[in-house]
Amino acid sequence: MGGQSERRSRKFRLVVSVAAVGLFAAAFGVGMAARTPDSALEEIAQAPKTPSPEASREPARRTAVSAPRRHLPVPVHVSIPAIGVNARVIRLGLNADRTIEVPTNFAETGWFQPGPEPGEQGAAVIVGHVASRRGPGVFYRLRELRVGGVIKVRLKNGTTVRFVARSTMRVPKSRFPTKLVYARTTRPTLRLITCAGKLNPSTGHHPDNYIVFASLVR
């Protein structure tokens, strides 16, 4: 178990490092990403090479900890009653070219598997499309979720972990707060991410990201 935990930790640190230096930017316009231009994962492809102002204000408590992380079953479903979200959660990893996999179904969400499972210590990340050219995506109404809203994540073993929205943020993709989103939080936390802003018809991209920060309800 210790070896597995160490390998998972290395994978997670690798992803955070890759996102922080923006290595995905050059390759993001090919393959699956090209077929889903308003993917909720574009913010990582366009992450800045230097820490953002938001990241520099990261609270001291959001620092790496040495305590071993417990491992929970993977998430399979997410529901957000206040905004009508009731969707499957699929696993997302990295493509061979180190770009991030994205959901091909705009009605599904994706959990970033190299990070912690929802309910584990650390920041779990679930992303979803805001829209396609054919209509709204799974997180189309995410911007309507208010502080205090409940997010329920069902795990593979049938248990449900509950989170409550604590804050929200809309940021340009060029200033995506990588360190804040992927912080090694001392308690279980969750980030929901989608795209925001008016679609640029010439690029097929939205200019911003919308992020919900949530914490576990015990």
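Derivation of every value follows stated rules applied to the coordinates shown; laboratory data play no part. Worth saying up front: this structure is predicted, and the values here are computed from it rather than measured. Neighbour counts run over all protein chains shown; Cβ positions are idealised from the backbone, glycine included.
Listing for the model above:
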item: ³J(HN,Hα) computed for each position of the range 113-129 - Karplus, 6.51 cos²θ - 1.76 cosθ + 1.60, integer Hz, glycine/proline x; result: 5, x, x, x, 6, x, x, 7, 4, x, 9, 7, 10, 10, 10, x, 5
item: Fully extended contour minus Cα-Cα distance, from Glu144 to Ile83, at 0.36 nm per residue; result: 21.3 nm
item: Sorted by Cβ neighbour density within 10 Å, fewest at the top, the residues Lys179, Lys156; result: Lys156, Lys179
item: Ranking of Glu101, Glu108 by count of other Cβ atoms within 10 Å, fewest first; result: Glu108, Glu101
item: Packing-based exposure ordering (other Cβ within 10 Å, fewest first) of His77, His129; result: His77, His129
item: Extension reserve of the Ala96-Arg187 stretch, reckoned as 0.36 nm per residue once the Cα distance is removed; result: 29.6 nm
item: 5 angstrom amide H check on Arg91, placed H, neighbours 5+ away; result: Trp111
item: Förster radius 25 Å - calculated FRET efficiency between Val76 and Arg133, Cβ distance, rounded to 0.05; result: 0.30
